[in-house]
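Below is one structure, written out as structure tokens, with a few remarks after it.
We did not get these values from a lab; they are worked out from the coordinates using the rules stated. Keep in mind that what you see is a predicted model, and the values were worked out from it rather than measured. Every residue, glycine as well, gets a Cβ built from its backbone with ideal geometry; the counts of neighbours run over all protein chains shown.
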Amino acid sequence: MVPANDEARPAVRVLLVDDEPLIRNGFRFILGNDPSIEVIGEAADGTAAIHLVRTWRPDVVLMDVRMIGMGGVDATAAIVAESQSRVLAITSIDSEDQLVRMLVAGASGYLLKDESPERIVEAVHRTAAGETVMSERSTAQLVRKAVESERGLDRLAATERVAALTPRERDIAIGVARGDTNQQIGLVLHVAPATVKSHLEQVFIKLGVRNRVQVGVMLERVGLGPSGI
């Protein structure tokens, strides 16, 4: 849902990345119906996407997971390492392994390609606002899969970053790793969801992550994730 005062805000600038022109055209049509979103370019593979991100600095990159040439995982890792653009993964197959790889690489969330137009537009706005967008799959499930895949930071690096959290930030990070929503965390800690969101932004910065799954992986490395709580 677009905020009521969105007219006063600059349009969300979006780059579409998919190796199928028909898919790109579909997303361009859907997003083009929202005046607060501007599609600034398209790419057919990860290499072209990296180049366009460097040139145009989009707010959001809609990134296909599987493409001919450089795929979404490698492109996402490169983009989040060198820019402030947020990557929203899009896939036609709800593959847990592929989604975990994208999220660990730094994607801010993911959508299935058959989501409704309203859901796609909402996801772009939420991603631009710094939120994590997921389908129905739980964060805790993806955290466990990510740890099993042996991806992410080693224990020493994770320990150093987690140690930088305040007690409140740590409690919120543990809730995120458990798969709780901001509202659920707020109920447990007796604070408003907006307060949880504010603290979570600092958690992301201090841990050097882009999404809730990465928070869970980081805490799992130090024994504070779903299996160690």
Extension gain from D154 to T47, taking 0.36 nm per residue of separation minus the Cα-Cα distance: 35.7 nm
Radius 11 Å from Cβ of A107, net charge of other residues (Lys, Arg +1; Asp, Glu -1): +3
task: Take the Cβ-Cβ distance between A163 and L112 as r, set R0 to 35 Å, and report the resulting FRET efficiency rounded to the nearest 0.05.
output: 0.40
For region 142-221, size of Cβ-based charge dipole, Lys and Arg +1, Asp and Glu -1, in debye: 100
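Given +1 on the Cβ of Lys and Arg, -1 on the Cβ of Asp and Glu, and no further charges, what dipole in debye does region 40-112 carry about its Cα centre, rounded to the nearest 20? Show your work: numbers first, answer last.
Details: 5 positive and 9 negative charges, 44 e Å.
In total the dipole reaches around 220 debye.
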- prompt: Simple spin-label model, 7 Å along Cα-to-Cβ: L22 to I40 in nm?
  reply: 3.0
field: Cβ-based net charge around N25, under 10 Å, with every Lys or Arg adding one and every Asp or Glu removing one
entry: -1
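Residues with beta-carbon under 10 Å from that of Q84, excluding Q84: net charge, scoring Lys, Arg +1 and Asp, Glu -1? Can you show the working numbers first?
Values: positive: R57, R86; negative: D59, E82.
Once all neighbours under 10 Å are counted, the net charge is 0.
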- line: Listed by chain and number, the residues whose amide H is under 5 Å from that of A43, excluding neighbours fewer than 5 places away on the same chain and using placed H, are L16, V17, D18
- prompt: How do 78-89, 197-208 rank on mean C-beta neighbours within 10 Å, highest first?
  reply: 78-89, 197-208
